[in-house]
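The values are calculated or read from the model by the stated rules, or taken from the named source; none is laboratory data. Keep in mind the model is a prediction, meaning the values are calculated, not measured. Cβ atoms come from the backbone with ideal geometry, glycine included; neighbour counts cover every protein chain shown.
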Amino acid sequence: MLKVKVGGKTNDDRVSDRVSFEIKQKADQLIIGDNIFDGDVVRITENLYHVIWKNRSFNVEVVESNVAEKTFKLLINGQPYETSVKDQFDLLLEGLGMQATAVKKINNLRAPMPGLIQSIAVEPGQEVRKGETLLVLVAMKMENIIKSSGDGVVKTLKIIPGEIVEKNQVLIEFQ
């Protein structure tokens, strides 16, 4: 059993939960909500599908997928939708008050190589998400943009611009 939430974009670009439903498999039938799926799905390309259901045609494009977090961004007939999926294990953990999350929380950032701190893009108290730029480290005449490997809040900066750092030196601590 899967529990699916589908949200769409509102006029002010906020995502609203419009639909929540369950998908179950019984024998050789797929049940979506209270309806037996008797439609047809054809894969056109790796991320593009054509679906016919209840005498309606849908073009479904998977724009972005995060399998670890079980979230997907879709274009259905040109309209953007964001979906999240929970399987029976996610629902069980949620029922027990535990969240099964794949979001990586970071404790500190260490220098990947010796170099010169050219600039710092964050400050103490700032919340950062995975992939956001933290600083620029110059090593061997190359600028290396150091990005966050997970989510966190900056606790302290252990370096300043212009400082020379050694490999594995702690540069930023997170809460």
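In a residue-by-residue description of the stretch 33-47, the property of being surrounded by 12 or more Cβ atoms within 10 Å (Cβ to Cβ) and at pLDDT below 85 applies to no position. The condition of being hydrophobic (A, V, I, L, M, F, W, C), touching a strand residue (DSSP E or B) at 6+ places or on another chain (Cβ under 8 Å) and within 26 Å of ASN66 (Cα to Cα) holds for only one of LEU157, LEU171, LEU116, LEU135, that being LEU135. Considering the conditions (1) at positive phi; (2) surrounded by 13 or more Cβ atoms within 10 Å (Cβ to Cβ), LYS141 is excluded by exactly one of them, (2).
The rows are residues; the columns are (1) modelled with pLDDT of 85 or more; (2) among the hydroxyl-bearing types (Ser, Thr, Tyr); (3) closer than 22 Å to PHE89 by Cα; (4) in a strand (DSSP E or B).
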site: LYS3; (1), (2), (3), (4): no, no, yes, yes
site: VAL6; (1), (2), (3), (4): no, no, yes, yes
site: ILE23; (1), (2), (3), (4): no, no, yes, yes
site: TYR49; (1), (2), (3), (4): yes, yes, no, yes
site: GLU64; (1), (2), (3), (4): yes, no, no, yes
site: GLU69; (1), (2), (3), (4): no, no, yes, no
site: LYS73; (1), (2), (3), (4): yes, no, no, yes
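Can you confirm whether VAL51 is in contact with an Asp or Glu (Cβ under 9 Å, 6 or more places away or on another chain), on the phi < 0 side of the Ramachandran plot and touching a residue at least 12 places away in the same chain (Cβ under 8 Å)? Yes. Only a single item in (1) under 19 Å from the mean Cα position of the chain (by Cα); (2) at pLDDT 90 or above is not met by ASP90, and it is number (2).
Give the stretch 34-47 a look and list any residue that's farther than 21 Å from LYS24 by Cβ and not in a strand (DSSP E or B), or say none.
At the first step, the residues of the stretch 34-47 found to be farther than 21 Å from LYS24 by Cβ are 42-47.
The answer is GLU46, ASN47.
For the stretch 62-72, the set of residues classified as farther than 15 Å from VAL6 by Cβ and either charged (D, E, K, R) or not assigned by TED's automatic domain parsing to the domain that holds PHE89 (or both) consists of GLU69 only.
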